[in-house]
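First up is the structure itself, then whatever we jot down about it.
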């Protein structure tokens, strides 16, 4: 690993480390797949929240970025002159958010989504007096059972509402499917597209996403673009799915052993405020690199408990690198990251530009 032990010894813990060489390799891998299949790439920046890494993705061939919240998009745009095409994949409600959205629309090519008439009406009221209309996509539920209209017929009906709404223009269809849900995406989006086009309304783009199935994106050929997020860093959940290996995990948590109260047990200074309590179907709260025999079986806010079936072989002061279950949440819990690779000398400290941008 490019983080040498001598450098790790100088880093105060807990700390979140990012290897830009691994991140760049991860970016290039999916971009090559997408290019080979004629799919545009619009990465979701929720994983890294860093304008500099978004620029790496754009330089590799991405057409724009995906954000989840208005304030997140504001932070990314403020941090980079290269970010000029943004999709916000979240129902936007409330006067204050809509005012911010109008300001964003004057700075970049902006698209948003909606899955209900209330959201569409609010967007229309906000943009009816603007010079340029706002592009709005219909979010569709293709099996993940989160947001999204439930049927192609509902997608068609909402597309017609958007098309007729003052200040808006219909922008296409969007989904976040379950892993392995390509067949469902193809069926739903194909049917919705046919219905909408039969009205004489064009469907400019059909966007799908999700890192676990990203290397199968072409199995839903109706899709015109794809929005992977976690792929830039990878994490334990993706290793467990066979999507990547430990060597592909660009983000790790550096922790220090602060207590060894029993031969088979140790305590580290990274708890739920660093590693996240997300399990994502896994047992335990992260993987200790180089120590397959250790499980992180319990977290409190500032403590992580490590256990082993035999002697744990650790002493107070030892430092460990951990691949967290869910990298995206870890990024949002720290103010700064320790960065190495991609031509940077030594270890740099970068602020997480869009940290805490949840409005």
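None of the figures in this text is laboratory data; all of them are computed from the coordinates on show. Everything quoted here is computed from the prediction, not taken from an experiment. All Cβ positions, glycine included, derive from the backbone under ideal geometry; neighbour counts span all protein chains shown.
Calculated mean residue ellipticity at 222 nm for the chain: -8500 deg cm²/dmol, from DSSP H runs with n ≥ 4 weighted as -39500 (n - 2.57), summed, divided by the residue count and rounded to 500.
What's the FRET efficiency of residue 216 with residue 12 using the Cβ-Cβ distance as r and R₀ = 45 Å, to the nearest 0.05? Intermediate results must be reported in sequence, preceding the final value.
Working: r = 41 Å, r/R0 = 0.92.
Efficiency for this residue pair is about 0.60.
Spin-label model, residue 293 to residue 82: label points 7 Å out along the Cα-to-beta-carbon direction sit 4.5 nm apart. With a Förster radius of 41 Å applied to the beta-carbon distance between residue 109 and residue 157, the computed FRET efficiency rounds to 0.95.
For the chain, set up a GNM with springs between Cα atoms under 10 Å and report which of 103, 255, 34 has the largest fluctuation. Of 103, 255, 34, the most mobile in the Gaussian network model is 103.
Oblate is the label for the stretch 1-113, because a/c, from the alpha-carbon gyration tensor with a ≥ b ≥ c as root eigenvalues, is 1.5 or above and a/b does not exceed b/c.
Relative to the longest principal axis of the Cα atoms of the chain, helix 95-105 runs at roughly 80 degrees. For the stretch 37-232, the gyration tensor built on C-alpha atoms gives an oblate shape. Its axis ratio a/c (a ≥ b ≥ c) is at least 1.5, and a/b is not larger than b/c. Give the angle, between 0 and 90 degrees and rounded to the nearest 10, that separates the Cα long axis of helix 51-60 from the longest principal axis of the Cα atoms of the chain. Between helix and principal axis, roughly 70 degrees. Modelled spin labels at residue 28 and residue 93, positioned 7 Å past Cα toward Cβ, are 4.5 nm from each other. Between the helical axis of 117-127 and the longest alpha-carbon principal axis of the chain there is an angle of about 80 degrees.
Fully extended, how many nm does the chain gain between residue 144 and residue 342 (0.36 nm per residue separation, minus their Cα-Cα distance)? Before the final figure, lay out the partial values.
Details: separation 198, 0.36 × 198 = 71.28 nm, distance 3.61 nm.
Length difference between fully extended and current span is 67.7 nm.
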